[in-house]
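Here the structure comes first, spelled out in structure tokens, and everything after it is commentary.
Throughout, read-outs are computed from the coordinates displayed, never taken from laboratory work. This structure is a prediction, so every number in the text was calculated from the model and none was measured. So basically every Cβ, Gly included, is an ideal-geometry build from the backbone, and we count neighbours across all protein chains shown.
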Amino acid sequence: MTGMSVRVRNNVKVSGVPGGQAMVFAHGFGCDQQMWRLVAPAFEDRYSVVLFDHVGSGRSDLSSYEAHRYTNLDGYARDVLELLLELQLERVIFVGHSVSAMIGVLAAIERPELFESLVLVGPSARYVDDRDYRGGFAAADIDELLIVMSRNYLGWSAAMAPIVMGNADRPELGEELTQLFCANDPEIAKHFAAATFLADNRADLPRCATPSLVLQMTDDVIAPIEAGEYVHRHLVNSELRILKATGHCPNLSAPAETIAAMNAYLAAGYGTSAGSLSGAA
Amino acid sequence: MNADPMFDDAAVGYIVADQNGVIQRVNRAFLSWTGYEASELVSVRRVQDLLTAGSRIYFETYVAPLMALQVAVNDVSLTFTSPRDDHQIFTHGAAKRHGDLGSITAEVWFVLVNASGRQHFESEALRARLRLERLQRLASALATSVTAGDVASATLAEILDGVKGDHGFVATIVNDGLRVIQAQDTPPVGTGTSALLLTHFPEIAEIIHSGTAAFVESRGEGADDRLGCRIDGVAATRLAALPLVAGGRADGVLCVASVTRTGFDADERSFLLLFAELAAQSLQSAKLHDEVVKNAQEASFIARLSNALDDVVSFEARCQRLVDLVVPELADYATVENPNHELRVIAVAHRDPDLVAPLRELRTSVQVPGSQPHSLARALASREPQVLVEIPAEMYDRYDLGSRERALLGELAPRSYVGLPMFARGELVGTLMLVMAESNRRFSLADVPHLTDIANRAAVSLENARLYDHERFVAGSFQRELLGRPLPRDDRLDLRAIYQAGGELVEIGGDYFDAFFVGPDRIALAVGDVVGKGIPAATVMSQLRTALRAFALEGNGPAETLNRLDGFVTSIPGAAYSSVAYAELDLRTSELVYACAGHPPPLLITEQRDAVVLWEGRSPLLGISQPLPRSESRLRVTIGSTLLMYTDGLVEARERSLDAGITELIDVLRGEPSIDLHTLVAKMKVSDMYRDDICVLAVTAVVPEDGGLARSALPGT
């Protein structure tokens with residue numbers, strides 16, 4: 001990228017052990033890095049914890065959003081690689097929720113040496129059904145999602161405009177903003193929805209050899225069990241673990257179980273290297 | 001939980017769910033909207049399970065995380081489906097979490113207002129907004145579109161996206177055919193629009209001419225199978241064919257087809273009609289632009305063609321230039337052939353250099369059938385261009401071809417053909433054959449006017465070259481015949497002459513030389529230059545040469561011989577203004593008498609290579625000085641000296657004056673051990689396509705074997 005640093009562009013937050021092995025958390029479609037607030041702290045005692053917002057989400061730099069770069073997941077994967085390079089991180093443990101699971105897979109295919117392992121929370125290589133493949137949705141469902149998003153955003157502009165524009169003389173708005181979680185730009189969010197739900201990354205799975213943990217939730221309406229199993233079957237070096245947690249966001253609804261599953265996987269040797277080789281920034 | 005009228009009887013819908021969304025309590029309003037029984041829901045179903053798919057994704061990705069993060073969520077639109085008749089209930093509401101996140105007792109309370117009544121209005125507003133956004137995008141894309149291709153591709157992108165079409169194309173009428181400007185196909189179905197167009201062209205042409213859009217479904221009740229078609233083996237489920245009407249005239253069509261979705265609803269139809277109208281207007285101006293650009297390109301091609309052809313002289317070179325210029329820009333391969341020409345296949349060019357030889361072999365070996373079905377024969381007979389947009393595979397079966405020819409044909413793989421007869425002044429100059437092969441391009445009838453222009457322009461140029469070649473050949477033979485006669489032989493003389501024709505862009509000139517005895521010991525030497533070129537100059541030259549001989553043989557001497565020639569040239573058209581240097585050398589006395597009529601001065605070079613320029617005995621060109629007597633000059637030459645007479649071509653050039661030329665000539669002569677005329681000409685010659693003829697005559701007085709200049713016998717002339 002040119003000009004702006006990745007730290008600003010992706011609202012990067014680093015905590016935990018300085019110089020320790022990096023654990024990079026990537027949020028999925030719909031929210032931002034706040035999704036990890038109940039999970040990430042549990043790793044701060046052993047790892048350098050890196051949180052960020054995808055461009056167009058959360059507090060990322062909206063001016064960096066270029067529609068053509070983000071028409072598919074490759075653009076987001078490139079952002080992840082740029083983030084690792086700017087922070088000089090190698091052999092990271094990449095934790096991706098929802099669509100970020102596939103973003104992590106794409107990034108690991110591109111630069112395998114930067115990744116020690118992947119933790120894929122609720123992954124799906126394709127959300128739309130295709131012949132014998134079950135992704136859980138029809139193409140028309142994704143059309144409807146975009147309409148639902150539009151309907152829910154009808155009042156968004158009015159609420160957000162003064163805050164986005166900045167009002168130094170009204171500090172209470174800043175306070176309000178911190179309360180507005182997942183307040184994403186509606187137009188960008190719709191593009192992100194299309195990039196996410198119309199993606200087909202099934203052919204990419206066999207190309208990724210990075211050790212991976214697939215965390216599959218019980219009764220996840222976004223990524224059904226078949227989708228998780230499909231990812232596990234086609235990722236050569238993966239382990240599948242079914243969580244008791246229901247819904248699509250165990251990082252919020254079942255943080256303890258999520259943390260425990262991750263710890264078990266890391267303890268088995270997929271995240272024990274002694275710190276980042278090049279030293280963290 | 002006890003009955004609470006504020007909960008149970010409220011006009012709003014209430015749902016209480018646990019933190020996973022499992023319904024704990026639900027009120028009557030929600031049950032009556034949706035048609036569920038409480039027992040079907042409580043402790044059994046989750047709130048998200050009751051939603052439409054789109055709402056469910058939104059709930060999971062936005063509402064649920066927000067509930068976890070910030071306790072309450074306001075201003076949420078969710079759509080529920082009824083299990084009874086599948087109808088949808090649009091709600092607007094808020095949710096609030098009671099209890100800590102993760103606590104087993106935490107609950108989420110939903111308050112929902114049935115907004116189905118407003119939904120229609122809202123959906124309309126939303127659709128209108130999306131439509132407007134799309135319209136704005138298309139308008140701005142069209143505003144920056146310059147070519148018809150830009151317009152078509154911008155329109156197709158928005159339309160296919162707007163109605164979820166799988167295939168689309170924009171085509172316009174060109175002459176009597178349809179030409180696809182742009183086609184777009186969505187994978188994985190592949191590229192089927194061209195096939196669609198070809199197989200259904202008659203219907204599409206009808207639609208264009210009627211100016212009325214057709215919306216066709218090939219399946220379902222009341223299906224209209226008029227356009228029922230398959231695209232790459234997949235049945236099209238619906239197709240819209242929209243005539244592109246601008247300025248009251250339909251001259252194109254926009255087609256959109258789907259292979260999965262069925263039917264176009266009223267909204268989609270009005271959207272398609274609106275966009276087709278917008279596209280038609282832009283397309284009209286883009287086509288005008290394209291036409292201007294095309295005309296300019298064609299004019300520039302004709303100009304380039306003219307320059308390139310005129311740059312070379314011979315007929316065959318121009319034929320080669322022609323095919324080299326049209327390949328690959330206008331054809332994949334091309335030939336110029338003429339059944340009456342000795343070569344028959346005069347020039348060939350192929351974009352693939354490896355296929356030039358096979359092409360030549362095929363065209364040389366295949367006899368052009370005289371029968372009418374053969375397009376080349378037809379072109380020759382009708383004098384009209386012949387076009388085969390698509391060469392039918394079975395066409396060659398009609399010809400009597402050997403296995404070698406079939407193999408060559410297979411290698412060349414012609415797909416589309418234009419044969420252009422080239423006539424000039426009523427004469428067949430040749431045929432220009434243009435073929436499309438590997439590039440997959442096709443000729444269309446629209447190409448014919450431009451290609452005909454090219455053929456006509458080339459025909460004139462080729463005919464000129466052919467005439468020029470002919471004249472050059474005739475004049476050349478004439479001159480060779482005249483100048484090729486043997487020079488007189490005498491052992492007191494070393495007599496040499498050379499004639500070299502001018503550059504290839506210059507016609508044969510009128511330079512000449514002559515040497516003959518006018519007495520037993522007296523040799524006459526002449527070098528002259530006739531004005532003009534080609535056959536007329538050669539004719540004058542021969543007459544002048546004969547006259548000069550006659551006057552000289554009368555024993556007039558140089559000055560008087562020139563005086564008489566003055567009288568003669570006035571009676572011969574084209575002979576005036578000729579120049580000549582004439583000298584007589586007495587082999588007994590060694591006296592040289594010479595006179596020059598407007599001719600470069602002869603040189604006398606001693607055995608020691610000292611050169612004297614013979615500037616005396618000068619008078620004007622023949623035919624302009626009749627009243628004035630010509631002068632002559634005399635001097636004595638020594639044995640071993642050489643007299644050099646020449647035409648201006650030896651010393652003059654575009655970049656060299658006469659004086660400078662003579663100085664250079666003297667320098668060259670000084671450096672040469674012997675005076676060899678070929679070497680001399682080679683050293684003096686400028687390499688220039690426009691250089692003049694060169695004629696040089698040299699005579700050296702030598703000591704005869706009997707030791708004296710005395711001579712009794714007359715040499716045979």
**OP:** Considering only the stretch B:490-589, give the strands (runs of 3 or more DSSP E) lying wholly within it that have at least 1 residues that are crowded, with 19+ Cβ neighbours inside 10 Å and of a type in the set (D, E, K, R).
**Re:** B:510-519, B:522-530, B:579-586
Original post:
Can you name every residue in the stretch A:88-106 that is surrounded by fewer than 24 Cβ atoms within 10 Å (Cβ to Cβ) and at positive phi?
Top reply: A:Gln88, A:Arg91
Subject >> Tally of residues being outside any helix (DSSP H, G or I), within 14 Å of chain B (Cβ to nearest Cβ) and touching a Gly at 6+ places or on another chain (Cβ under 9 Å) across the stretch A:26-53 >> reply: 5
Original post:
If the Cβ limit is 6 Å and pairs must be 6+ apart or interchain, which residue in the stretch B:652-666 that is under 19 Å from B:Gly502 (Cβ atoms) pairs with which residue that is exposed (fewer than 14 other Cβ atoms within 10 Å of the Cβ)?
Top reply: B:Glu652/B:Leu658
Subject >> Meets criteria (of a type in the set (Val, Ile, Thr) and within 12 Å of another protein chain (Cβ to nearest Cβ)) for B:Val63 >> reply: yes
Original post:
If you go through the stretch B:580-617, how many residues are in contact (Cβ under 8 Å) with a residue 60 or more places away in the chain and small (Gly, Ala, Ser)?
Top reply: 3
Original post:
Cβ-Cβ below 7 Å, separation at least six or inter-chain, first residue in the stretch B:77-90 and away from chain A (no Cβ under 14 Å), second hydrophobic (A, V, I, L, M, F, W, C): which pairs?
Top reply: B:Ser82/B:Ile89
Original post:
Does any residue of the stretch B:39-51 turn out to be touching a strand residue (DSSP E or B) at 6+ places or on another chain (Cβ under 8 Å) and more than 27 Å from A:Gly122 (Cβ to Cβ)?
Top reply: yes
**OP:** State all residues of the stretch B:428-471 that are without any contact (Cβ under 8 Å) to a residue 60 or more places away in the chain and more than 18 Å from B:Val327 (Cβ to Cβ); if no residue qualifies, say none.
**Re:** B:Pro449, B:Asn456, B:Ala459, B:Val460, B:Glu463, B:Asn464, B:Leu467, B:His470
**OP:** Could you grab the pairs with beta carbons closer than 9 Å, sequence gap of 6+ or different chains, first residue in the stretch A:136-152 and facing another protein chain (nearest Cβ under 7 Å), second one crowded, with 22+ Cβ neighbours inside 10 Å and among the acidic types (Asp, Glu)?
**Re:** none
Subject >> Residue in the stretch B:127-141 that is loosely packed, with under 15 Cβ neighbours inside 10 Å, more than 13 Å from chain A (Cβ to nearest Cβ) and in contact (Cβ under 8 Å) with a residue 40 or more places away in the chain present >> reply: yes
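For the subset of the stretch A:212-250 comprising residues that are within 14 Å of another protein chain (Cβ to nearest Cβ) and of a type in the set (S, T, N, Q), which member is surrounded by the most Cβ atoms within 10 Å (Cβ to Cβ)?
A:Thr246
With a cut-off of at least 1 residues that are surrounded by fewer than 20 Cβ atoms within 10 Å (Cβ to Cβ) and of a type in the set (Ser, Thr, Tyr), name the helices (runs of 4 or more DSSP H) lying wholly within the stretch B:639-685. Steps first, please.
On the way: elements: B:648-651, B:658-671, B:677-684.
Filter on the stretch B:639-685 gives B:658-671, B:677-684.
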